[in-house]
């Protein structure tokens, strides 16, 4: 076990009692934050089902771990520290870790997985099972109790649809960011609303309540000031924060806001249908069932104008077997841990059978 | 006359002979470059027409002078240096300057004009007439021989439509940048083309020649690599450079590329019509004539798919009095000088009459 650059991270281990029960680490790493949970490894019930409630021993949180965003060194330091913190809180050490699942945004290629796995190998004892995935995988697993099968749609600041088959095939759609047309994302919805304000002001588009509602939200006195506000900060999340104003304007009957939201529903539904079709998730007759896990602020069901529900309505017209899941209790980091637990148990069962 | 921070800029003046003929400075300042020309002030012909060819004595060029882009200090330094260089090349000094017209992008508000005029006042003798305008004004003047009346449509990396009446009213549309929906701009056209590639690759949109043609242009081997390419550099101009590939794909019959260009024509025509309508440029019956000056790479007439021509066709259906002008010989900096010349002559004539 390497102690790495920030060796003091693991100093706490020397003061920990020798543990006897195994643990699993699940990590969900995004551009906004990184969450690591430590779960008791336990043994599967005779039914093969997971113990409920999930035996989460500790939870730690840190900043961004997307290597595309903050660079490889900073991303690794964040991941290592948050894992150590979760173990410390659980009063556990690396020696009793059975499996680790890192689900990190920015992991898009087998070479990313391999590089991160090699680095993890230097941190944990050699018996530890290591899984490295994109963060969409953790989101899916959080809705399927750790089973890597089905479709996941994420729509927060950005959006991506991913689908997985049980035999390991994978497909993705969207996730290309604002320049490349992720119009169903929170950023996309809000940017269209800002555009509608400029058009109404220019006389190129219909008047809309969005003008009053968004200017009030931003404390600006005129649409002319929107240009300065928009380009004063390049953060995508800052634009996406305006989505609730678009939703409330649509709920109040504004036609422009309604059209933007209907457009985003189509965009999101098309992303889902594209990956379902490519993997044949719905079976030969197009009527097979498949889970659709939906996560992210845009898909939260806390509004009358329920974007997620509309997306499901749209998808079900083509694929009636869609089974929507909006995970409430299970966060993605737990999903990652469940995924590791599932794989670990399967391998363990395989060894017993052998 | 202040010598300003970079006082050595004007050191050359002490070695210049005392001039007897007046000169005018015209400056066109954009985000890409700044051009200053020095023109002999002369006297109007008895006809009131400008002398031809225009008596341009010198031309100097420098970098960006948009204060929003490089900051106020750097913008001022650039403007001062390029004016000094033009005078030096013309073997003239500030004492014989009669009028200065700065037409600079980023000048959007009377307060911008006032601030820059105050600063210019410290550089030039008190008798010099000073005009500070947005760069759209120089573009218009380059097509109208210095007359500030009519509509100008700029479509390069960005796009803006501006209109002016002889009694000093003004209207603008678009010019809000890529986040706020300038889809008719070079950036907008190219971003839509990149999006079409991603959609075709995802299975969310029709196949298109743009995939092959743009990947070849960028020397990329797969659409997956477009995401990395797009976000590796935030320059809008870099994206806009792909417009010729979109145009050639459309000329080769690609339907997706054709749809994008037709959309950009509508966008640009709508911007023009919005400002013409707001100012009533076309008279009470909507049939009055008005000049439409078109500048910028997107509107160049060097292709079979002639975006500028299509825009005019679109506008003329609603406003048959549109008179398109694509300035060939007169560059915007000369337009700025002509504008100053016109105003200067008018004031001079007014003084004589008085």
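All of the numbers you see were taken from the coordinates with simple rules; none came from a lab. It should be emphasised that the depicted structure is a prediction, and the values quoted were computed from it without experimental measurement. When we count neighbours, we look across all protein chains shown, and the Cβ atoms used for this are built from the backbone with ideal geometry, even at glycine.
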Long-range alpha-carbon pairs in the stretch B:136-178, meaning those over 18 Å apart, account in percent for 23 percent
Ratio of Rg to Rh over the stretch A:178-325 (Cα coordinates, Kirkwood Rh, two decimals): 1.04
Other chains' Cβ within 10 Å of B:267-275 residues: what's the mean? 2
Peptide-level mean, for B:172-184, of C-beta atoms on other protein chains within 10 Å: 6
Enter the mean projected area of the convex hull around the alpha-carbon atoms of the stretch B:55-105, in nm², rounded to one decimal. 3.8 nm²
Taking chain B as the reference, fit the longest principal axis to its C-alpha atoms, fit the long axis of helix B:332-353 to the helix C-alpha atoms, and give the angle between the two in degrees, 0 to 90, nearest 10. 40 degrees
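From the alpha carbon gyration tensor of the stretch B:27-178, can you work out the equivalent ellipsoid semi-axes (sqrt of 5 times each eigenvalue) and give them in Å, largest to smallest?
For the stretch B:27-178, the ellipsoid semi-axes come out as 24, 21, 15 Å.
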Take the alpha carbon atoms of chain B, find their radius of gyration, then divide it by 2.2 N^0.38 Å using N residues; give the quotient. 1.08
Determine the distance separating the Cα centre of the stretch A:66-107 from the Cα centre of the stretch B:109-128; give it in Å without decimals. 58 Å
Based on the Cβ-Cβ distance from residue B:115 to residue A:12, what FRET efficiency comes out when R0 is 60 Å, to the nearest 0.05? 0.55
Per-residue Cβ contact counts at 10 Å, fewest first, order B:235, B:142 as B:235, B:142
Could you compute the FRET efficiency for residue A:266 and residue B:278, with r as their C-beta to C-beta distance and R0 at 22 Å, rounded to 0.05? 0.10
Expected integer from the mean partner chain Cβ neighbour count at 10 Å over B:188-195 is 2
Return P(r) of the stretch B:183-236 (all Cα-Cα pairs; 10 Å bins starting at 0; whole %; ordered from short to long distances). 24, 58, 18
Take every Cα-Cα distance within the stretch A:147-212, group them into 10 Å bins from 0 onward, and report for each bin the whole-number percent of pairs it holds. 21, 32, 26, 13, 8, 1
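Calculate how many DSSP beta bridges within chain B are antiparallel, expressed in % of all such bridges and rounded to the nearest 5.
Details: 24 of 44 bridges.
So the antiparallel bridges in chain B amount to around 55 percent.
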Starting with the highest mean, order B:258-268, A:296-306, A:264-274, A:12-22 by the number of other Cβ atoms within 10 Å, averaged over the residues of each peptide. A:264-274, B:258-268, A:296-306, A:12-22
In deg cm²/dmol, rounded to the nearest 500, the helical mean residue ellipticity at 222 nm of the protein assembly as shown, built from -39500 (n - 2.57) for every DSSP H run of length 4 or more, is -13500 deg cm²/dmol
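Cα convex hull of the protein assembly as shown: how many Å³ per residue?
Hull volume over Cα atoms, normalised by residue count, gives 200 Å³.
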When each pair of different Cα atoms in the stretch B:116-235 is counted once in the 1/r mean, what is the Kirkwood radius in angstroms, to one decimal? 17.8 Å
Estimate the FRET efficiency between residue A:302 and residue B:237 by the formula 1/(1 + (r/R0)^6), using the beta-carbon distance for r and 41 Å for R0, to the nearest 0.05. 0.45
Got the residue A:297 label distances to the other copies yet, label 7 Å along Cα→Cβ, in nm, shortest first? 3.5
Give me A:157, B:230 sorted ascending by neighbouring Cβ count inside 10 Å, so fewest comes first. B:230, A:157
Distances in nm, one decimal, shortest first, from residue A:219 to the same residue in every other copy, taking the label point 7 angstrom along Cα→Cβ. 4.9
